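Remarks on the structure that follows.
The values are calculated or read from the model by the stated rules, or taken from the named source; none is laboratory data. Here the structure is a predicted model, which is why all the values come from computation and not from measurement. With ideal geometry, Cβ positions are generated from the backbone for all residues, glycine too; neighbour counts draw on all protein chains shown. What goes into the accessible areas is simple: the full protein's heavy atoms, side chains included, and nothing from ligands, DNA or RNA. Shrake-Rupley method; radii C 1.70, N 1.55, O 1.52, S 1.80 Å.
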Amino acid sequence: MSRFAQHEPTLPLQGRVRGALAFPDQTRFLPAMISDAPVLQQTSEPAESAAPSRLARYARPMLGILLPLILALAWELVVWLGWSNGRLVPPPSRVFATITELARSGELVPHIAATLWRVGLGFAFGVIAGTVLGAISGYWSLARRLLDPTVQALRAIPSLAWVPLFILWLGIFETSKIALIAVGVFFPVYLGVMGAILSVDRKIVEVGRTFRLSGFAMIRRILLPAVLPAYVVSLRVGLGLGWMFVVAAELIGASEGLGYLLLDGQQLGKPAQILAAIVIFAILGKLTDWLIEVAAAPFLRWQDAFGRAKGA
Amino acid sequence: MLALDRVSKTYPNGVQALARFSAEIKQGEIVAIIGGSGCGKSTLLRAIAGLDSASAGTVTLDSEAIGSPHAKIGIIFQEPRLLPWLSVADNIGFGLADLPAAERREKVARALARVGLADKAQAWPRELSGGQAQRVAIARALVPQPEVLLLDEPFSALDAFTRRDLQDHLLDLWADTRPTLILVTHDVDEAVVLADRVLVMRPRPGRLFDQIEINLGRPRDRNSPLFENFKRSVLTSLDRSLDRNVPDRDATQGPGQAMWW
Ligand SMILES: Nc1ncnc2c1ncn2[C@@H]1O[C@H](COP(=O)(O)OP(=O)(O)OP(=O)(O)O)[C@@H](O)[C@H]1O
Ligand SMILES: [Mg+2]
């Protein structure tokens, strides 16, 4: 279980991009950078004339699927030819059959629902707490001096170290799981919000001052829009950690959920079931991340992003 | 009338940026402020804008003391400082939030047409050239119809052609409502083209050194001998303000030398 602890976020203070880059394994949170050319060689305007070609539009996402597809087919072939019995590493067809079997028996939906419910609640609590405290720390320097050292100290604790305490305090059931997920989501959101507020361009705040915006108007018309891009990134990072922690929480003890499927598969020696759960985790993780991206897109149209999220 | 009475500014780090600066500027007058780098020009402008308060002395507009940003005073910075999340039209209307939407739209449309960017109303700021962006900034500052417009090196980041274009444009816009213009510049040419009066400042601590009235009608011919004369007297004063010897004739000719930094 200690390997989860290694994924503990090490967000440096401030800095929206630095914040995101501190997760080298989470580069998918920077989808706008995905493009054919090396990032630094891209022009600020993507070659619009080349893009409308239908081939290019569908071929590029397909390119990413190519490698896993070839590997899967190759493995399928190896097992089919009898070169391997595929017992420990079941071929894709058997994983797929397991998923449909789980679905037909009516087990799958409750498992997915249980996990989604935990992630959703934990994410909601973590985001609310992270946003409120991050905003207070970012906006009010006295609060930052008071609050931030404590939060930073707590952040240094690997979040899974809380598990025994949470179980003692909150019981083995849902509450402790949701608390653990919320803790995982809290820190990136807190740091993201605080860093974003601290790095709002003073020059633009000055524009608000020359038009004599009141405190509230300043927040609504200057601060919120300026902070939003970094906030969305921190939400996506937080969601990624939420998915990570739901697995940890469900491995510790659960009678349903995708994490339970993992554990059950291990104990009963059903690797196909483990892989099935992993595939579903991947799909759900990508899907929920995409939902945040889509929900935020209308508010971020103004951004001068590389390649304008086309490759995403 | 805008009255500056012994305005001084000492920054918390002890730098005395401005010492007893006094001047009176008539309504509708165009004043250029010129001086060596670090002589307190920006500090002065920010004090007039109410963005920073003076350590001593007073700024009064029509006998009203200015201590914080005022509705009758607008400012344009060296960078356009457009809000990247608002369209060009919404940027221009930023200071008109109190007006009913219809009236705001109409004023914005008129301002857009006036600065020649009607076709860019729905563009994002990042899609504008530097000159276009600065025109939007000018429109944004002018559309609430300030009585005083402060400009801190507004054209210094632009190429010579665009700069000239915008100087003419600014005079054009100024003629609509004739606000008081106070323009900080590094460009002697720009000062003489635009200003009724040039104030020369001297550094350490920043203070008023000299005033030169530019008694030229408008529009001004940048190539006339009279224009050259005014340029030379501004340059001479500037050089004396920096304790340098008056340069020889050749050095003050040619457009390249007009930008003396
Ligand atoms: N926020 C600040 N804190 C401390 N010192 C400052 C601050 N802003 C300016 N100064 C100092 O005050 C002096 C005047 O600065 P100011 O920006 O007004 O000069 P300026 O005439 O506008 O120069 P430039 O032509 O280079 O823009 C300088 O010596 C500068 O170092
Ligand atoms: Mg300056």
Self-check item: Local electrostatic count at residue A:205 - Lys and Arg +1, Asp and Glu -1, tallied over other residues with Cβ under 12 Å
Solution: +3
Practice problem: Take peptide A:198-207, look around each residue's Cβ out to 10 angstrom, count Cβ atoms belonging to other protein chains, and average those counts. | Solution: 3
Quiz prompt | Solvent-accessible ranking of A:99, A:280, A:136, largest area first, probe 1.4 Å | solution = A:136, A:99, A:280
Quiz item: If you place +1 on the Cβ of every Lys and Arg and -1 on the Cβ of every Asp and Glu, how big does the dipole about the Cα centre of the stretch B:1-94 come out, in debye to the nearest 20?
Solution: 260
Practice problem: For chain B, with a Gaussian network of springs between Cα atoms less than 10 Å apart, report the residue from B:52, B:62, B:189 with the top mean-square fluctuation. | Solution: B:62
Quiz item: Pairs A:203/B:9; B:41/B:72; B:120/B:231; B:26/B:231; A:203/B:72; B:9/B:72: which exceed 25 Å Cα-Cα?
Solution: B:120/B:231
Quiz item: Which whole-Hz ³J(HN,Hα) couplings does the stretch A:98-106 yield from phi under the Karplus relation 6.51 cos²θ - 1.76 cosθ + 1.60, θ = phi - 60°, glycine and proline marked x?
Solution: 4, 4, 5, 4, 4, 5, 5, 6, x
Quiz prompt | By average C-beta atoms within 10 angstrom, highest first, the peptides A:66-72, A:210-216 | solution = A:210-216, A:66-72
Quiz item: Excluding ligands and nucleic acids, what accessible area in Å² is computed for residue A:294 using a 1.4 Å probe, to the nearest 10?
Solution: 70
Quiz item: Once both labels are modelled 7 Å past Cα along the beta-carbon direction, what's the residue A:67-residue B:223 spacing in nm?
Solution: 6.5
Practice problem: Using only Cα atoms, locate the centre of the stretch A:100-148 and the centre of the stretch B:1-68, then give the distance between them in Å, rounded to an integer. | Solution: 52
Quiz item: Once the Cβ-Cβ distance between residue B:177 and residue A:216 is put in as r, and R0 is 35 Å, what FRET efficiency do you end up with, to the nearest 0.05?
Solution: 0.70
Exercise. Quick one: net charge around residue B:44, please, counting Lys, Arg +1 and Asp, Glu -1 for every other residue with C-beta under 11 Å from its C-beta.
Key: +2
Quiz item: What is the stretch A:86-309's relative contact order, in percent, from Cα pairs under 8 angstrom and six or more apart in sequence?
Solution: 27
Quiz item: With a sphere of radius 10 Å drawn around the Cβ of residue B:158, what net charge do the other residues whose Cβ falls strictly inside it have (Lys, Arg +1; Asp, Glu -1)?
Solution: 0
Self-check item: Cut-off under 5 Å, modelled amide H: who pairs with residue B:8 long-range
Solution: B:20, B:21, B:55, B:56, B:57
Quiz item: For the stretch A:278-283, what does the Karplus curve 6.51 cos²θ - 1.76 cosθ + 1.60, with θ = phi - 60°, yield as ³J(HN,Hα) per residue in whole Hz, taken in order and with x for Gly and Pro?
Solution: 5, 4, 5, 4, 4, 5
Quiz item: Quick one: if the Förster radius is 25 Å, what FRET efficiency do residue A:128 and residue A:157 give, using the C-beta to C-beta distance and rounding to 0.05?
Solution: 0.75
Quiz item: What's the average, rounded to a whole number, of partner chain beta-carbon atoms within 10 Å of each residue's beta-carbon in B:77-84?
Solution: 4
Quiz item: Can you list the HN-Hα couplings for the stretch B:225-240, worked out from phi with the Karplus curve (6.51, -1.76, 1.60; θ = phi - 60°), rounded to whole Hz and with x for Gly and Pro?
Solution: x, 4, 4, 4, 4, 5, 4, 5, 5, 5, 4, 4, 4, 4, 5, 5
Quiz prompt | For residue B:33, distant residues with modelled amide H under 5 Å away | solution = B:183, B:184, B:185, B:199
Quiz item: Given +1 on the Cβ of Lys and Arg, -1 on the Cβ of Asp and Glu, and no further charges, what dipole in debye does the stretch A:86-309 carry about its Cα centre, rounded to the nearest 20?
Solution: 720
Quiz item: If the cut-off is 14 Å between C-alpha atoms, which aspartates and glutamates fall inside it for residue A:177, apart from same-chain ones fewer than 8 positions away?
Solution: A:250, A:256
Quiz prompt | Solvent-accessible ranking of A:186, A:96, B:227, largest area first, probe 1.4 Å | solution = A:96, A:186, B:227
Exercise. Let me know the mean shielding of A:74-86 by other chains, meaning the per-residue number of their Cβ atoms within 10 Å of its Cβ.
Key: 0
Quiz prompt | Inter-label distance, nm, simple model (7 Å from Cα along the C-beta direction), residue A:292/residue A:104 | solution = 3.7
Practice problem: Mind giving me the FRET efficiency for residue A:266 and residue A:200? R0 is 60 Å, r the Cβ-Cβ distance, nearest 0.05 is fine. | Solution: 0.80
Quiz item: residue B:214's amide H: which non-local residues (gap 5+, or another chain) put their own amide H closer than 5 Å, with H modeled 1.01 Å from N in plane and none for Pro or chain starts?
Solution: B:197, B:198
